[in-house]
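The values are calculated or read from the model by the stated rules, or taken from the named source; none is laboratory data. Just so you know, these numbers come straight off a predicted model, no measurement behind them. Don't worry about glycine lacking a Cβ; one is built from the backbone with ideal geometry, like all the others, and counts go over all protein chains shown.
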């Protein structure tokens, strides 16, 4: 019996050249994830070129060495990304508390292990940066992400917030914060 083929998947630190691939994942994933939360015009106006330019600038000029972008790969194609760094919330300790600011996988690539690999890489990165606790904000309506994280040992910590995306109260997103001990 011949061995079954294995997928060529990995996670690595993002490079500036990954900006376009990350932007394409972000636009596609956000159009699905936020379809019920944001007006269609907001999502339709997202252009991968504009998002890629912002990613390129971010990846070439990190403000803190502990701010990192990670990419999940299927062969050489970016199928997900994550962002880690110090937690910025006023009730968090920026020395002890790290944050996963984004954890995104293409909708068609979910349930293939990319999210688990990304999450583990985020935790490993935060531990390497000497954080002892990790936090992550998610939309209060994102039951799939919440279930994924709670199955991985994360729990709500009672923090919540409402983001006002336009600054005028017309587009808001309610979020909850999950946390886990990582040291």
Which residues, taken from region 84-115, are part of a strand (DSSP E or B), under 16 Å from the mean Cα position of the chain (by Cα) and within 16 Å of residue 127 (Cβ to Cβ)?
84, 85, 86, 98, 99, 100
Quick one: would you say residue 21 is modelled with pLDDT of 95 or more and assigned to a helix (DSSP H, G or I)?
yes
Being at pLDDT 85 or above and either loosely packed, with under 12 Cβ neighbours inside 10 Å or closer than 27 Å to residue 170 by Cα (or both): is that true of residue 35 here?
no
Scan region 28-42 and tell me whether some residue there is part of a strand (DSSP E or B), in contact (Cβ under 8 Å) with a residue 40 or more places away in the chain and closer than 26 Å to residue 176 by Cβ.
no
Options 96, 72: the member that is surrounded by 15 or more Cβ atoms within 10 Å (Cβ to Cβ) and under 30 Å from residue 183 (Cα atoms)
72
All but one of (1) outside any loop (DSSP other than H, G, I, E, B); (2) at pLDDT 95 or above hold for residue 157; which doesn't?
(2)
From the list 132, 104, 125, pick out the single residue that is more than 13 Å from residue 177 (Cβ to Cβ) and at pLDDT below 95.
104
Among the numbered criteria (1) under 16 Å from residue 25 (Cβ atoms); (2) touching a residue at least 60 places away in the same chain (Cβ under 8 Å); (3) buried (at least 20 other Cβ atoms within 10 Å of the Cβ), which one does residue 112 miss?
(3)
Within region 172-183, work out how many residues are surrounded by fewer than 16 Cβ atoms within 10 Å (Cβ to Cβ) and under 22 Å from residue 35 (Cβ atoms).
2
If I filter region 43-63 for residues that are in contact with a strand residue (DSSP E or B) (Cβ under 8 Å, 6 or more places away or on another chain) and either assigned to a strand (DSSP E or B) or touching a residue at least 60 places away in the same chain (Cβ under 8 Å) (or both), do I get at least one hit?
no
Sole exception among (1) in contact with a helix residue (DSSP H, G or I) (Cβ under 9 Å, 6 or more places away or on another chain); (2) within 25 Å of residue 9 (Cβ to Cβ) for residue 113, by number
(1)
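Somewhere in region 81-92, is a residue farther than 20 Å from residue 16 by Cα, free of Cβ contacts under 8 Å to residues at least 24 places away in the same chain and surrounded by fewer than 17 Cβ atoms within 10 Å (Cβ to Cβ)? Even if it seems obvious, please write down each step before you answer.
Initial filter on region 81-92 (farther than 20 Å from residue 16 by Cα): 86-92.
Checking the rest, the ones that are also free of Cβ contacts under 8 Å to residues at least 24 places away in the same chain come to 88, 90.
Applying the additional criterion that residues be surrounded by fewer than 17 Cβ atoms within 10 Å (Cβ to Cβ) yields 88, 90.
Within region 81-92 (the criterion being farther than 20 Å from residue 16 by Cα, free of Cβ contacts under 8 Å to residues at least 24 places away in the same chain and surrounded by fewer than 17 Cβ atoms within 10 Å (Cβ to Cβ)), the answer is yes, since at least one residue qualifies.
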